[in-house]
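The values are calculated or read from the model by the stated rules, or taken from the named source; none is laboratory data. Everything numeric here is computed off the predicted structure, so don't read it as measured data. Positions of Cβ are backbone-derived with ideal geometry, glycine not excepted, and every protein chain shown enters the neighbour counts. These area figures cover heavy atoms from the full protein model, side chains too; ligands, DNA and RNA do not enter into them. Shrake-Rupley method; radii C 1.70, N 1.55, O 1.52, S 1.80 Å.
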Amino acid sequence: MKIVVGLSGGVDSSVAAYLLKQQGHEVIGLFMRNWNDASVTLEDECPWIEDSNDALMVAKKLGIPFQVIDMSALYKERIVDYMFAEYEKGRTPNPDVLCNREVKFDVFMKTALSLGADKVATGHYARIETSTNEAGETVYHLLSGKDKNKDQSYFLCQLSQEQLSKALFPIGELEKPKVREIAKAAGLVTAEKKDSQGLCFIGKVSLPDFLKQQLKPKEGEIVEIFRDSPLFHQEEVSFSADEKLRELEYLSQKIDYKKSDGKVIGKHQGAQYYTIGQGKGLGIGGHKESCFVIHRDMENNILFVGEGHSFPGLYRKALRIDNSEVHWVRPDLRLKTGASMPAKVRIRYRQPLENAMLYQFDEGLFIAFENPQSAIAEGQFAAWYLDDELIGSGVIS
């Protein structure tokens, strides 16, 4: 089989290419150059230069063809510009999920297939299994990686059956120490290389500095909300069994804080630079515990904060996803209007899976958690699983 491997210059994709070569496949290494601007990275130079050199050395060691393709214009249009627009609206996008949907498994995959490839492989810690449905069609199952500490299925939560049909994740059955062991035994230059951090294909960045490229600083106030606020001590509202939609709308609604609800305790340089649940970079002192962002008033440029990890304003029992933003990796499991299903859900990478119920209504898809969730942020992706299979995802409203 002819397989194009997305060589990133890291150990994971290097071992993916090595394993495929060992299996006797015709392997081609392809490096995506997605970013050219070193001014926002915390390193002295753009990491893509070192990464592309490492990818080239791996390809030479394996004796496979190697190419670099420049996708920086596309990346800026589909990922970076989207990020700026989302932060400006007071939302928290996930560029890694978008990068997989819009770049790696879209344009990059199409480029690879145009080179005559049968499949495209990456170094993701995830697995794909197949089954056959009653109509005789192949169903692709996206499973979490065997290494629970490195499982990256969440980042693949927007992929389609068509994309999965052309994808391979050769290291999905392995744990990270084993991957490094294989790389070392094979003499790959990436064997001891640290895992990349920061934004997909950009590197480690100072997010405020990155956002300041387009989103100008604007001084605003930081308002602290206190635990004894009447906003958190309203009477419990009860709903009858046939009022499930009203109950879910109530549980998923966000508190609309006002300046008069708390006390001004500081200044910030722009609400667009922060996200819900953020505790660092606020410059707030004089508290026993850290303060966390609980709300952003984008119109008035006000940050609302509360003290402590257990602050009630950080938690919600449910969330809503617009129907237009709901994506089923397994379309055959899509909920009909009025239907519900139990699932395991995470709302950010590395978060443990949480017990929840999914409810589909004309008004949107609602997720009600068994336990209240901290820092549910608009713009992030919620992904839902049955056992270890990721079956769907959506952008939190």
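Seen from all sides and averaged, what is the projected area of the convex hull of the Cα atoms in region 88-231, in nm²? One quarter of the hull surface, i.e. the mean projection, equals 15.5 nm².
Under a model in which nothing but the beta-carbon of Lys, Arg (+1) and Asp, Glu (-1) is charged, region 97-251 shows a dipole of about 1180 debye around its Cα centre.
Taking the longest Cα principal axis of the chain as reference, the axis of helix 11-22 is set at about 40 degrees. State the percentage of accessible surface on region 222-271 attributable to carbon and sulfur atoms; use a 1.4 Å probe and exclude ligands, DNA and RNA. Roughly 49 percent of what the probe reaches on region 222-271 is carbon or sulfur.
When the convex hull of its Cα atoms is viewed from all sides, region 295-397 shows a mean projected area of 7.3 nm². Compute the whole-percent fraction of alpha carbon pairs in region 141-201 spaced more than 20 Å apart. Within region 141-201, distances greater than 20 Å cover 39 percent of Cα pairs.
Straight-line cross-link partners of Lys89 among the lysines, defined as a Cα under 24 Å from its Cα and at least 8 positions apart when in the same chain: Lys76, Lys204, Lys212, Lys216, Lys218, Lys254, Lys258, Lys259, Lys267, Lys280, Lys317. Surface exposure of the chain, expressed per residue as accessible area with a 1.4 Å probe, stands at 47 Å². Between region 49-68 and region 236-268, the alpha-carbon centres lie 53 Å apart. Between Gln360, Gln67, Gln380, the Gaussian network model of the chain with springs among Cα atoms under 10 angstrom shows the greatest mean-square fluctuation at Gln67. Cross-link partners among lysines for Lys61, C-alpha distance below 23 Å, same-chain residues fewer than 8 apart left out? By straight Cα distance, Lys61 reaches Lys2, Lys21, Lys119, Lys176, Lys178, Lys184, Lys193, Lys194. Taking every alpha-carbon pair under 8 Å whose residues sit at least 6 apart, the chain reaches a relative contact order of 16 percent.
Bridges between two residues of the chain, per DSSP, are antiparallel at a rate of about 75%.
Show that you can apply the helix-only estimate: for the chain, add -39,500 (n - 2.57) for every DSSP H stretch of four or more residues, divide by all residues, and state [θ] at 222 nm to the nearest 500.
On the way: 10 runs with 81 residues, N = 397.
Estimated from H runs of four or more residues: -5500 deg cm²/dmol.
Taking every Cα-Cα distance in the chain and sorting them into 10 Å bins from zero, the calculated P(r) comes out as 5, 21, 28, 25, 15, 6, 1 percent. To put it simply, the accessible area of region 327-397 at a 1.4 Å probe is 48 percent carbon and sulfur.
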